[in-house]
1. Within region 49-83, can you find the residues that are crowded, with 19+ Cβ neighbours inside 10 Å and acidic (Asp, Glu)?
2. Can you tell me which condition residue 10 does not meet? The list is (1) in contact with a Phe, Trp or Tyr (Cβ under 7 Å, 6 or more places away or on another chain); (2) over 30 Å from residue 83 (Cα atoms); (3) not hydrophobic (A, V, I, L, M, F, W, C), and all the others hold.
3. So the check is Cβ under 6 Å with 6+ separation or different chains; which pairs have a first residue in region 1-17 that's assigned by the TED database to the domain that holds residue 35 and a second one that's open to solvent by 40 Å² or more (accessible area, probe 1.4 Å) and assigned to a loop (DSSP other than H, G, I, E, B)?
4. When both residues are 6+ apart or on different chains and their Cβ atoms are under 6 Å apart, which pairs have a first residue that lies in region 70-90 and is small (Gly, Ala, Ser), and a second that is surrounded by 18 or more Cβ atoms within 10 Å (Cβ to Cβ)?
5. Scan region 42-62 and tell me whether some residue there is touching a Lys or Arg at 6+ places or on another chain (Cβ under 8 Å) and assigned to a helix (DSSP H, G or I).
6. For region 1-17, which positions are surrounded by fewer than 13 Cβ atoms within 10 Å (Cβ to Cβ) and either in a helix (DSSP H, G or I) or at pLDDT 90 or above (or both)?
7. Considering (1) surrounded by fewer than 19 Cβ atoms within 10 Å (Cβ to Cβ); (2) assigned to a helix (DSSP H, G or I), say which one residue 283 fails and leave the rest.
8. For region 119-130, what are the residues that are assigned to a helix (DSSP H, G or I) and either open to solvent by 20 Å² or more (accessible area, probe 1.4 Å) or in the same structural domain as residue 86 (by the TED database) (or both)?
Amino acid sequence: LQVGDRCYEEGMYEAAKLLYNNVSNFARLASTLVHLGEYQAAVDSARKANSTRTWKEVCFACVDGEEFRLAQICGLHIVIHADELEDLISYYQDRGYFEELIALLEAALGLERAHMGMFTELAILYSKFKPQKMREHLELFWSRVNIPKVLRAAEQSHLWAELVFLYDKYEEYDNAVITMMSHPTDAWKEGLFKDIIAKVANVELYYKSLYFYLEYKPLLLNDLLTILSPRLDHSRAVAFFSKDAMLYAAESKDAELAETLLQWFLEEDRKECFAACLFASYDLLHPDVVLELAWRHNIMDFAMPYFIQVMREYLTKVKLDLLESVSKLSFSGFTLYS
């Protein structure tokens, strides 16, 4: 054995091969065969040695020699050890062999000793290099991945639908809803949204979801309200829609619509909304109409700020008109004495 080691250290690999073979030192024989480029024989010797260290040495040598089929055979004996997985992944990734690494981990999933690390790392690789395969992987194996790690990978790769799927499985319903509303083109699905919105902890998301539907899916708003109505503060919900109605009326530039909205607020006894609408649609309203409505419903106090503003603008206009008249008279050669 000592002679064999000396031959090995001095690069006399053919001699070392004979000596190690004679004494059945398969671990050292595998190392020697790698140096001779006899990769298949090295794998056979590693199988007889059956040590993780030898499997790693032969695997890495096969990767360097681009003998990926043989490297995979070795790799399957390495990935089952969770503490060895990181080194193996790094070795492949550092050399840019992502496809081969993915193929290795895919082949390993069916092993009896497959563990969470393998499912997790494959999901992360999919997120980076084969995003089209990630969803199917998660649907099959979500319970066997480290969800927080895969969540970070999905977010970094902007895989919003997969992110929502994981948030749902991890019972982070608030984040799932936020993600769907932030990235609706990729992540929003009607049935899933309605299912998850009912489970959120932050009630503010109810009202944000109403606004989201108004903007994104207004025709489905009634369906959402059916689910949320038992959970909503109805006064706040009315105020929410009142605000939206006021904005719509103001943007419409339709005086009749604005006045109709004022009347509706009074019929619903929404005095605060009436007062707010006076300013939201200020340029559209006729002061005489507002005065009549306020007087008839005995809410002059709510309308007074509006009338103060109207009077201020009226007096300012009168003053400007007077100054303009004085200026014209002076220009014509007349002098005005007070």
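1. 57, 67
2. Only one criterion in (1) in contact with a Phe, Trp or Tyr (Cβ under 7 Å, 6 or more places away or on another chain); (2) over 30 Å from residue 83 (Cα atoms); (3) not hydrophobic (A, V, I, L, M, F, W, C) is unmet by residue 10, namely (1).
3. Partner pairs satisfying both residue conditions: 1/23; 13/36.
4. 71/59; 71/62; 71/63; 75/59; 75/104; 82/117
5. Checking region 42-62: not a single residue is touching a Lys or Arg at 6+ places or on another chain (Cβ under 8 Å) and assigned to a helix (DSSP H, G or I).
6. Those that are surrounded by fewer than 13 Cβ atoms within 10 Å (Cβ to Cβ) and either in a helix (DSSP H, G or I) or at pLDDT 90 or above (or both): 2, 3, 9, 14.
7. (2)
8. Step one: list which residues in region 119-130 are assigned to a helix (DSSP H, G or I), which gives 119-129.
121, 124, 128, 129 - these are the residues of region 119-130 that are assigned to a helix (DSSP H, G or I) and either open to solvent by 20 Å² or more (accessible area, probe 1.4 Å) or in the same structural domain as residue 86 (by the TED database) (or both).
The values are calculated or read from the model by the stated rules, or taken from the named source; none is laboratory data. Not measured: the values here are computed from a predicted model. In this analysis, Cβ positions are derived from the backbone assuming ideal geometry, glycine residues included, and neighbour counts consider all displayed protein chains. Please note that ligands, DNA and RNA were not included when accessible areas were found on the heavy atoms of the full protein model with its side chains. Shrake-Rupley method; radii C 1.70, N 1.55, O 1.52, S 1.80 Å.
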